[in-house]
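The structure under discussion appears below in the form of C-alpha cells.
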Amino acid sequence: MARGITRKELKQDEFVEAAFSLEQWLEENWQTVAKWAVALVVVGVLIGGFFWWNESRTAAAKSLLAEGMGHLDKAGSEEGTSADFEAALESFEKAAGKGGPASDTATYFQGVALSRLGRHDEAAEILSKAANSAVTLEAADAARLARVDALMAAGKAEEGSAALRELADGEGAYAGYALHRLAELAEEQGNDTEAQGLYQRFIDDFPNDPLAVTARQKLEE
C-alpha cells in the first residue's frame, strides 16, 4: 500500500518550489535588485551624512552664539568699544546663517548689535525676521519690542508707535510694558487726554504690575 504524503513533506515541497521560483526570479531580475541595493546604500549614506552635517552645523551655531555674547558683554563694559560690537555682530551673523534654534537667537542679537552700532533701519529689518522665526510667543514679542526701539531711534516714531500698539493689544508677556510705553509716548507728545486713558487702561488691565504705581502717580499729577 502506497504511503500518503505527510503535511510536513507537503510544506517542504512548497518551500522548495518557492525557493526555486525566487532563485529564478533573481536570475532574471538581478540587475534591478542590484540597482535597488545600491540605491538603499546611497540613501543610508545620505541620511547619515545629513544628521552628521546637521549636528555639526548646530554645534557651530552654538559656539558662534557664545562667542558673540562674549563680545557683546565686553562691549557693554567700561572698556568696551564699537569694535567689540562689530565683532559681536560678525559672530551673530555667522551663527544666524547656520540654522536651528541657536541661529534664531543669534538673529535677535544680530539686530541688537546693529542697533547699538547706530544701524537702526537694518536692525529693525533683522528684528522683524527674528520675530517671525521665533518658536515662542515670548521670544517673538521680545524681538518686536526691540524692533520698536530701533524704529524710534531711526526717527520712525509713527511706525514704532503702531508696532507698540500691536504689542499692547496682544496677549504676550510684554503687552503691559508696551501699553505703559504707549502712555509715556502720548505724554511726551503732549497728548494728555490720550495718555490719561492709556494709563487708566494699564491700571485696569495690570493692577499688580510694578509699573502700575507709576501709572497711578501720573494720573494724580
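Working carefully through the options A102, A113, find the one that is modelled with pLDDT under 90, within 21 Å of A140 (Cβ to Cβ) and not hydroxyl-bearing (S, T, Y). Spell out how you get there, then give the answer.
Details: A113 fails: modelled with pLDDT under 90.
Result: A102 is the single residue among A102, A113 that is modelled with pLDDT under 90, within 21 Å of A140 (Cβ to Cβ) and not hydroxyl-bearing (S, T, Y).
State yes or no: is F92 at pLDDT below 90, within 21 Å of A154 (Cα to Cα), crowded, with 19+ Cβ neighbours inside 10 Å and aromatic (F, W, Y)?
Numbers: at pLDDT below 90: yes; within 21 Å of A154 (Cα to Cα): no; crowded, with 19+ Cβ neighbours inside 10 Å: yes; aromatic (F, W, Y): yes.
When the stated conditions are applied, F92 does not pass them.
So, in segment 177-198, how many residues would count as being surrounded by fewer than 19 Cβ atoms within 10 Å (Cβ to Cβ) and touching a residue at least 12 places away in the same chain (Cβ under 8 Å)?
Keep residues of segment 177-198 that are surrounded by fewer than 19 Cβ atoms within 10 Å (Cβ to Cβ), which gives 184, 187-194, 196-197.
Still in the running and touching a residue at least 12 places away in the same chain (Cβ under 8 Å): 187, 196.
Of the residues in that region, 2 qualify.
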Discussion item. Restricting to segment 121-138, count the residues that are surrounded by fewer than 19 Cβ atoms within 10 Å (Cβ to Cβ) and within 19 Å of R181 (Cα to Cα).
Written reply: 1
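Do we find that G118 is within 29 Å of S82 (Cβ to Cβ) and either of a type outside the set (D, E) or out of contact with any helix residue (DSSP H, G or I) (no Cβ under 8 Å at 6 or more places or on another chain) (or both) in this structure?
On the way: within 29 Å of S82 (Cβ to Cβ): yes; either of a type outside the set (D, E) or out of contact with any helix residue (DSSP H, G or I) (no Cβ under 8 Å at 6 or more places or on another chain) (or both): yes.
So G118 passes the test.
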Worksheet, complete the sentence: Among residues of segment 74-83 being in contact with an Asp or Glu (Cβ under 9 Å, 6 or more places away or on another chain) and assigned to a helix (DSSP H, G or I), the residue modelled with the highest pLDDT is K74
Worksheet entry | Residue under evaluation A124, criteria (1) in contact with a helix residue (DSSP H, G or I) (Cβ under 6 Å, 6 or more places away or on another chain); (2) closer than 19 Å to R201 by Cβ, criterion not met | (2)
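Out of the residues in segment 140-161 that are basic (K, R) and assigned to a helix (DSSP H, G or I), state the one that is nearest to the chain's Cα centre (by Cα). Please lay out each step first, then the result.
Filtering segment 140-161 down to residues basic (K, R) leaves 144, 147, 156.
Narrowing the set further to residues that are assigned to a helix (DSSP H, G or I) leaves 144, 147.
Numbers: R144: 13, R147: 16 Å.
In this case the residue turns out to be R144.
Can you name every residue in segment 114-139 that is of a type in the set (V, I, T) and part of a helix (DSSP H, G or I)? Before you say what the answer is, go through the steps one by one.
Filtering segment 114-139 down to residues of a type in the set (V, I, T) leaves 126, 135-136.
Selection gives I126 alone.
The values are calculated or read from the model by the stated rules, or taken from the named source; none is laboratory data. These numbers come from a predicted model, not from an experiment. So basically every Cβ, Gly included, is an ideal-geometry build from the backbone, and we count neighbours across all protein chains shown.
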